[in-house]
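Novice: One structure, pasted below without further comment.
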Amino acid sequence: MICADIVKGTTKVFGIIGDPVAHSFSPVIQNTIARELGCPMVYVPFPVKRGEASEAIKGGFKLGIEGFNVTVPHKTDVMDALTDMDSLAKKIGAVNTLKRMENGYKGYNTDILGLEKSLILKGVSLFGKTVVVLGAGGAARCAVLLAADRQASEIYIVNRTLDKARELMTHVNKFYNTSVKAISYQELLNIPNPEIVIQTTSLGMENTKSSTPVEEVSFFKKVEVVLEIIYTPWKTKLLLDAERAGCISINGFDMLLYQGMASYEIWNDVKIDKELSAKLSKSLTEYYKNL
Ligand code: ATR
C-alpha cells in the first residue's frame, strides 16, 4: 500500500507536548480539521516530562516543527523558551499554542477563546453578571481574566487554598478594576447573586467522579448557568446537581474543540467559518461520546 496521501516530504508537522499525552483528544481534532480542509499536515503526541519543555521546544524548532499545543504541566514553564508572546497570553501568564516564527516560537492562549466560544454557543454573556470561578489554577486564570475582560460586574474566586485565590485576585486587578473577591468554599452560600459558575478544578474527573467541589446543592438554586471544564465524565456530579436545580449546564467539550479550532486558525492563517465549525463540532462530539 502506498501512503503518499498521508505523509510525504512536504507534509507540515505539528504536535502536542504534555505529560501525560496518551489520553489527549487533540490529535483527533487537529487531523480531522486538516483532512476536512485538505491541509497537508500531521499532528502527533509528544510525551515531554515536567521541567523539560524548554529543551523539547528548542529541539522541535531545529526539527522544523511548525507548531505545538501545550498541555499540563508545561503551560507556564514553556514561556521561557519563546521568542514572542501574544498580549492576551501574557496577561493570562500561560500558553497552550506555539506558532513557528523566523527565530523561534510565538506563544498564544486559545483556552480562553474556547471558553468564551462555549459560552457564546449557549447564548451566555458575562457582561454585567456575577461570575463565580471555582479553583485558582491555570484554567481558573483564563476564566477570571475572561470575566474581567468581558465586564462581569463581580467576580468571586473560590479555592481550597485561599492564598492562591488571593494571588489570582491581585493578578487580575493589575489589568482590570473589576470587583474581585477571594473566598473559601464555606463562604459560597453567602454570595448574594451567583449568576454564572465556572468550575475549573480537577475534582469530579473520572478518578473522583463521585466528588464535587460544591457539596451544598442548595447553592445552585440561585445560579443561572454552570460551565464545567471537565468532559470525562460527560456530566460531572456538579453538573448533574446544577441541572437538577434547573441551571443551564455546559461541559468542557466545546471549550476543548474550540480552543483546538482557534489553534488551527493561528497556525494556518485561516478562518474556520461557522458552518464548518458546527459540522466539525457535531461529528467530533458524536465520535467522542461513542468511544
Ligand atoms: P489547572 O491548570 O488544570 O487549573 P492546577 O493549576 O493544578 O490545574 O489547579 C487545580 C485546581 O483544582 C486548584 O484550584 C486546586 O485547589 P488548590 O489550589 O487548593 O490545590 C483545585 N483542586 C484540586 N483538587 C481539589 C479538591 N479535592 N478540592 C477542591 N479543590 C481542588
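The values are calculated or read from the model by the stated rules, or taken from the named source; none is laboratory data. Treat the numbers as computed from the prediction; the structure is a model and nothing was measured. Neighbour counts run over all protein chains shown; Cβ positions are idealised from the backbone, glycine included.
Novice: Scan the stretch 184-207 residue by residue and report those that are surrounded by 14 or more Cβ atoms within 10 Å (Cβ to Cβ) and either on the phi > 0 side of the Ramachandran plot or more than 20 Å from the chain's Cα centre (by Cα) (or both). So that I can check it myself, show each step before the final result.
Specialist: Within the stretch 184-207, the subset surrounded by 14 or more Cβ atoms within 10 Å (Cβ to Cβ) is 185, 188, 191, 194-205.
The answer is 185, 188, 191, 194, 195, 204.
Novice: Now for a different question. If you scan the stretch 209-230, which residues turn out to be within 15 Å of the ligand (Cβ to nearest atom) and either hydrophobic (A, V, I, L, M, F, W, C) or farther than 25 Å from residue 114 by Cα (or both)?
Specialist: Here is the first cut: in the stretch 209-230, the residues within 15 Å of the ligand (Cβ to nearest atom) are 209-216, 219, 227-230.
Residues satisfying the conditions are 210, 211, 214, 215, 216, 219, 227, 229, 230.
Novice: Looking at the stretch 40-56, which of its residues are surrounded by fewer than 18 Cβ atoms within 10 Å (Cβ to Cβ) and assigned to a loop (DSSP other than H, G, I, E, B)?
Specialist: Those that are surrounded by fewer than 18 Cβ atoms within 10 Å (Cβ to Cβ) and assigned to a loop (DSSP other than H, G, I, E, B): 40, 49, 50, 51, 52.
Novice: Further question: Look through the stretch 155-183, keep the residues that are small (Gly, Ala, Ser) and under 18 Å from residue 199 (Cβ atoms), and return whichever of them is nearest to the chain's Cα centre (by Cα). So that I can check it myself, show each step before the final result.
Specialist: To start, the set of residues in the stretch 155-183 that are small (Gly, Ala, Ser) comprises 165, 179, 182.
Now drop any that are not under 18 Å from residue 199 (Cβ atoms), which leaves 165, 182.
Numbers: 165: 19, 182: 22 Å.
By that ranking, first place goes to 165.
Novice: Kindly indicate the residue of the stretch 80-107 that is part of a loop (DSSP other than H, G, I, E, B) and in contact with a Leu (Cβ under 8 Å, 6 or more places away or on another chain) and also farthest from residue 182 (Cα to Cα) among those meeting that condition. Break it down into steps so the answer makes sense when it comes.
Specialist: First, pick out the residues of the stretch 80-107 that are part of a loop (DSSP other than H, G, I, E, B): 82-83, 86, 93-96, 101-104.
After this cut, where a residue has to be in contact with a Leu (Cβ under 8 Å, 6 or more places away or on another chain) as well, the list is 82, 95, 104.
Working: 82: 32, 95: 24, 104: 38 Å.
Here the residue is 104.
Novice: Residues that are in contact with a Phe, Trp or Tyr (Cβ under 8 Å, 6 or more places away or on another chain) and touching a residue at least 12 places away in the same chain (Cβ under 8 Å): does the stretch 138-148 have at least one?
Specialist: Restricting attention to the stretch 138-148, the residues satisfying the condition of being in contact with a Phe, Trp or Tyr (Cβ under 8 Å, 6 or more places away or on another chain) are 145, 148.
Still in the running and touching a residue at least 12 places away in the same chain (Cβ under 8 Å): 145, 148.
Yes.
Novice: Mind listing whichever residues of the stretch 231-240 are surrounded by fewer than 21 Cβ atoms within 10 Å (Cβ to Cβ) and either away from the ligand (no atom under 15 Å from the Cβ) or without any contact (Cβ under 8 Å) to a residue 24 or more places away in the chain (or both)?
Specialist: The answer is 233, 234, 235, 240.
Novice: Taking the options 88, 113, 134, 145, name whichever one is modelled with pLDDT under 95 and under 17 Å from the mean Cα position of the chain (by Cα).
Specialist: Numbers: 113 fails: modelled with pLDDT under 95; 134 fails: modelled with pLDDT under 95; 145 fails: modelled with pLDDT under 95.
Being modelled with pLDDT under 95 and under 17 Å from the mean Cα position of the chain (by Cα) holds for just one of 88, 113, 134, 145, which is 88.
Novice: Further question on the same structure: Quick check on residue 68: is it of a type in the set (A, V, I, L, M, F, W, C) and crowded, with 24+ Cβ neighbours inside 10 Å?
Specialist: Working: of a type in the set (A, V, I, L, M, F, W, C): yes; crowded, with 24+ Cβ neighbours inside 10 Å: yes.
Here the answer is yes, as residue 68 does meet what is asked.
Novice: Does residue 117 satisfy the condition of being out of contact with any strand residue (DSSP E or B) (no Cβ under 8 Å at 6 or more places or on another chain) and buried (at least 17 other Cβ atoms within 10 Å of the Cβ)?
Specialist: Details: out of contact with any strand residue (DSSP E or B) (no Cβ under 8 Å at 6 or more places or on another chain): yes; buried (at least 17 other Cβ atoms within 10 Å of the Cβ): yes.
Yes; evaluated as a whole, the condition is true for this residue.
Novice: Quick one: residue 258 ticks every box in (1) over 30 Å from residue 40 (Cβ atoms); (2) surrounded by 15 or more Cβ atoms within 10 Å (Cβ to Cβ) except a single one, so which number is it?
Specialist: (1)
Novice: Can you pull out every residue in the stretch 120-153 that is at positive phi, touching a helix residue (DSSP H, G or I) at 6+ places or on another chain (Cβ under 9 Å) and surrounded by fewer than 24 Cβ atoms within 10 Å (Cβ to Cβ)? Give the derivation first.
Specialist: Keep residues of the stretch 120-153 that are at positive phi, which gives 123, 128, 135, 151.
This time we only want the ones that are touching a helix residue (DSSP H, G or I) at 6+ places or on another chain (Cβ under 9 Å), so: 135.
Correct list: empty.
Novice: Across the stretch 71-90, what is the number of residues that are within 16 Å of the ligand (Cβ to nearest atom) and of a type outside the set (A, V, I, L, M)?
Specialist: Adding up the residues that qualify gives 6.
Novice: Please verify whether the stretch 198-208 includes one or more residues that are more than 13 Å from the ligand (Cβ to nearest atom) and either touching a residue at least 24 places away in the same chain (Cβ under 8 Å) or in contact with a helix residue (DSSP H, G or I) (Cβ under 6 Å, 6 or more places away or on another chain) (or both).
Specialist: Initially, the stretch 198-208 is screened for residues more than 13 Å from the ligand (Cβ to nearest atom), giving 206.
Of the ones still in play, those that are also either touching a residue at least 24 places away in the same chain (Cβ under 8 Å) or in contact with a helix residue (DSSP H, G or I) (Cβ under 6 Å, 6 or more places away or on another chain) (or both) are 206.
Looking through the stretch 198-208, at least one residue is more than 13 Å from the ligand (Cβ to nearest atom) and either touching a residue at least 24 places away in the same chain (Cβ under 8 Å) or in contact with a helix residue (DSSP H, G or I) (Cβ under 6 Å, 6 or more places away or on another chain) (or both).
Novice: Same structure, new question: Of (1) crowded, with 16+ Cβ neighbours inside 10 Å; (2) touching a residue at least 40 places away in the same chain (Cβ under 8 Å); (3) of a type in the set (Gly, Ala, Ser), residue 104 satisfies all except one. Which?
Specialist: Condition (1) is where residue 104 drops out.
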